């Protein structure tokens, strides 16, 4: 064989010599595409203010990353889509009618403080969008807990407000909430289709599940974190969800309410801040589900998904160290 031709056809790389057409950028853009039904549902139910919040969060996140990298003379990486995805997820975790400064501050915390100061994409310890929202919730609790009724944004912006189903259940109980909603089936239907108050991206469960199934089909996420997250939360809700007796809680309500599905399928499964091995993923998801229900049932906040994922992000390095797979060709010592 001609030497020049051999040099063109053969490449020497570091073992295990595995090459895949998937790239980080392609995965990020695909995940963003899987969230488009959620964005459409948020725009449908909450109107122009929700669209404005999503556009502002995305634009601010991309701009902050571009400005930071240019200022430090680093390679600009906004084309990989990670900043855009962070901005979109941040918007999904905000009220539809959040003031413009909320989106700007949250984007700054998510991109600059959480992501870039730790070395950029792949080096952050916490989920950027969730830490941005946590900072906003601590700093502006009244703004972050003001919810618009679905459809109100099309008629009278900021004039029709409502409480979330989780907040109502925290005050009056799930049974009373069923009575106020016209029955369990009516409430479940509203939760599935998104006809309730809440953050922009957490309301329409059908759109979230459709996006998650697509990512599972493509192999971009695995079942380990979502299933262990949701199963643990459902078990605790069933056993301890009723303050009057054990095994009297309503797990379906808790799974469909708040940001449970959004957090389990799209936030907790973040490659950078979640464990790499299967056993670690299951433990991580179970920890998120346990902490979520602990906060919901016993904490001062009606929702606990955000805090549970951020807390478990702290344990990701320890979990990876404990359940690190053995080196190929070696025998693990006890």
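The values are calculated or read from the model by the stated rules, or taken from the named source; none is laboratory data. Source: prediction; values computed, not measured. Neighbour counts run over all protein chains shown; Cβ positions are idealised from the backbone, glycine included.
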**Prompt:** How many residues, within region 96-122, are surrounded by fewer than 23 Cβ atoms within 10 Å (Cβ to Cβ), within 18 Å of the chain's Cα centre (by Cα) and in a loop (DSSP other than H, G, I, E, B)?
**Reply:** 2
**Prompt:** What's the number of the condition residue 235 fails, among (1) touching a residue at least 60 places away in the same chain (Cβ under 8 Å); (2) surrounded by fewer than 18 Cβ atoms within 10 Å (Cβ to Cβ); (3) under 25 Å from residue 192 (Cβ atoms)?
**Reply:** (1)
**Residue among 78, 111 that is farther than 30 Å from residue 319 by Cα and assigned by TED's automatic domain parsing to the domain that holds residue 67** = 78
**Complete:** So, first residue on the phi > 0 side of the Ramachandran plot in region 43-69, second residue at pLDDT below 95 and surrounded by 17 or more Cβ atoms within 10 Å (Cβ to Cβ), Cβ within less than 6 Å, six or more apart or across chains; the pairs are 47/153
**Request:** Check residue 176 against each of (1) more than 30 Å from residue 87 (Cα to Cα); (2) not in a helix (DSSP H, G or I) and name the one condition it does not meet.
**Result:** (2)
